[in-house]
Amino acid sequence: QVQLVESGGGLVQAGGSLRLSCAASGRTFANYAMGWFRQAPGKEREFVARVSRSGSSTYYGDSVKGRFTISRDNAKNTVSLQMDSLKPEDTAVYYCARQSTGGVEFDVRQYDYWGQGTQVTVSS
């Protein structure tokens, strides 16, 4: 069983920064790509970013491109999301997830394990 635990959420003013972390259990972390998604109230879950198994390749949703950076540390079984230049529209619950298949990065159906989420609130 894989467990994913996010941390680092909070309240920040527009233009500020936050760094989210996701700690994974198990010995197979490095075998899977990892992603971040977010979900605002009343909206569908939205793809944010994805990092390859080695960390050498990253992919971002259009709304965060140039502001967010995803990275991973396979030695520590962690994946991080550095969020800069935050906007009120970034307010959401953020989830990390394991990509189980080689399908398109932004499809939630490609991810089999999810964390419980961490709240990010950006005030204007």
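The values are calculated or read from the model by the stated rules, or taken from the named source; none is laboratory data. What you are looking at is a predicted structure, and each value in this text was computed from that prediction instead of being measured. Every residue, glycine as well, gets a Cβ built from its backbone with ideal geometry; the counts of neighbours run over all protein chains shown. These accessible areas exclude ligands, DNA and RNA; they are computed on the full protein's heavy atoms, side chains included. Shrake-Rupley method; radii C 1.70, N 1.55, O 1.52, S 1.80 Å.
Remark: the stretch 79-93, residue by residue, has Karplus-estimated 3J(HN,Hα) of 10, 10, 9, 8, 10, 10, 6, 5, 10, x, 6, 7, 4, 4, 8 Hz, where x stands for each Gly or Pro and the curve is 6.51 cos²θ - 1.76 cosθ + 1.60 at θ = phi - 60°. Calculated from the alpha-carbon coordinates, the chain shows an Rg and a Dmax of 13.4, 42 Å respectively. Here is the list for the stretch 1-94: GluC sites (Glu not before Pro) lying in DSSP coil, each with at most 15 other C-beta atoms within 10 angstrom of its C-beta, are Glu44.
With Cα atoms defining each centre, the stretch 27-58 and the stretch 73-103 are spaced 5 Å apart in the structure.
Quick one: putting +1 on the C-beta of Lys and Arg, -1 on the C-beta of Asp and Glu, what dipole do you get for the stretch 51-124 around its Cα centre, in Debye to the nearest 20? Numbers along the way, then the final one.
Numbers: 8 positive and 8 negative charges, 41 e Å.
Value, rounded to 20: 200 debye.
Between the residues Leu11, Ser100, Leu86, the greatest Cα displacement towards the positive end of the dipole of the chain, with unit charges on the Cβ of Lys, Arg, Asp and Glu, is found for Ser100.
Which percent of Cα pairs goes in each bin when the distances of the stretch 1-55 are cut into 5 angstrom slices starting at zero? Per 5 Å bin, starting at zero, the Cα-Cα P(r) for the stretch 1-55 comes out as 4, 13, 20, 25, 20, 10, 6, 1 percent. Calculated FRET efficiency, Ser7 and Lys65, Cβ-Cβ r, R0 22 Å, to nearest 0.05? With a Förster radius of 22 Å, E is 0.35.
For the chain, what % of the accessible area comes from carbon and sulfur atoms, probe 1.4 Å? Result for the chain: 46 percent of the exposed heavy-atom area is carbon or sulfur.
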